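Take a look at the structure set out below.
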Amino acid sequence: MVKSVSNVDVDQMTGEETFFLDTNVLCAVHFQTKWDADKIKAYSSFVRDLLLKNITIYVSALSLQEFYHLIEKIEYKSYINNHAYINKKDYRRLIVERNRIANLLSLIHKQIKEQYVLINDVLDLDDLDEFVEKYSTHMYDLIDFAIVSHHASSCSNFITDDKDFRVDPNITVYSYL
């Protein structure tokens, strides 16, 4: 089932609900994205309203790994668009840039730790085997597959803009429609 984040009345929720926040929405709410302002506002408002209602929002360590890698990737692309091209390994050696990104990550990580419940998640060989064995039955990338596999039985609400989630009948997707 898919629900629009713009049309959900959080006031009607009991507070017993729990949600998982996907990487793409984390990025839009806490960093930057090329999404239009209305979409960002819809997600930000929905997440804020859930938090104000004291509804638990989980974030997987796997999502954070993706998110923090994405921040570095975006910052690297921005750097090479405004300076001479250097490869990513050389970019990582630039002390000023490394410190700037370290400060940015520290600030974002602090915000996330204060607002959400962080879940320690790992990928193991069983996850990889299951991902490959069930590949024709789902639309997920490996990280999303693992998060849903690990947690959908205890928390079936996922806030995401990723359309791959929408075809999974075992979860409820909250998305911008």
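List of remarks:
- Charge dipole (debye, nearest 20) of the stretch 62-177; +1 at Cβ of Lys and Arg, -1 at Cβ of Asp and Glu: 860 debye
- Computed log10 I(q)/I(0) for the stretch 6-123 at 0.20 Å⁻¹: -1.14, from the Debye equation with unit scatterers placed on every C-alpha and solvent omitted.
- Long-range tail of P(r) for the stretch 67-177 (Cα pairs > 25 Å, %): 43 percent
- Using alpha-carbon coordinates, inclination of helix 95-115 to the longest axis of the chain, degrees: 20 degrees
- Rounded to 10°, Cα long-axis angle of helix 142-151 versus longest principal axis of the chain: 40 degrees
- Length-normalised contact order for the stretch 1-148 - Cα pairs under 8 Å, 6+ apart - percent: 27 percent
- With the charge dipole of the chain set up from +1 on Lys and Arg Cβ and -1 on Asp and Glu Cβ about the Cα centre, the Cα lying farthest toward the positive end among the listed residues Thr172, Leu62, Ala84 is that of Ala84.
- C-alpha long axis of helix 37-52 to longest principal axis of the chain, angle in °: 60 degrees
- Nonlocal amide H pairs with Ile119, under 5 Å, H built at 1.01 Å: Val59, Ser60, Ala61
- If the segment from Arg92 to Asp129 were pulled out straight at 0.36 nm per residue, it would be longer than the present Cα-Cα gap by 10.0 nm.
- Footprinting exposure proxy for Ser60, Ser153, Ser136, Ser45 (fewest neighbouring C-beta atoms within 10 Å first): Ser136, Ser153, Ser45, Ser60
- For the stretch 14-26, putting each phi into the Karplus relation 6.51 cos²θ - 1.76 cosθ + 1.60 with θ = phi - 60° gives couplings of 7, x, 7, 5, 9, 9, 10, 9, 7, 4, 5, 6, 3 Hz, in residue order, rounded to whole numbers and with x for Gly and Pro.
- Cut-off under 5 Å, modelled amide H: who pairs with Thr172 long-range: Asn157, Phe158
- Candidate lysines for bridging to Lys3, where Cα separation is under 27 Å - those fewer than 8 sequence places away on the same chain excluded: Lys34, Lys39, Lys41, Lys53, Lys113, Lys134, Lys163
- Here the Gaussian network model covers the chain, with springs between Cα atoms less than 10 Å apart; of Ile40, Ile159, Ile80, Ile80 fluctuates the most.
None of the figures in this text is laboratory data; all of them are computed from the coordinates on show. Values in this document were obtained by computation on a predicted structure and should not be read as measured data. All Cβ positions, even for glycine, are placed from backbone atoms using ideal geometry, and neighbour counts span all protein chains on display.
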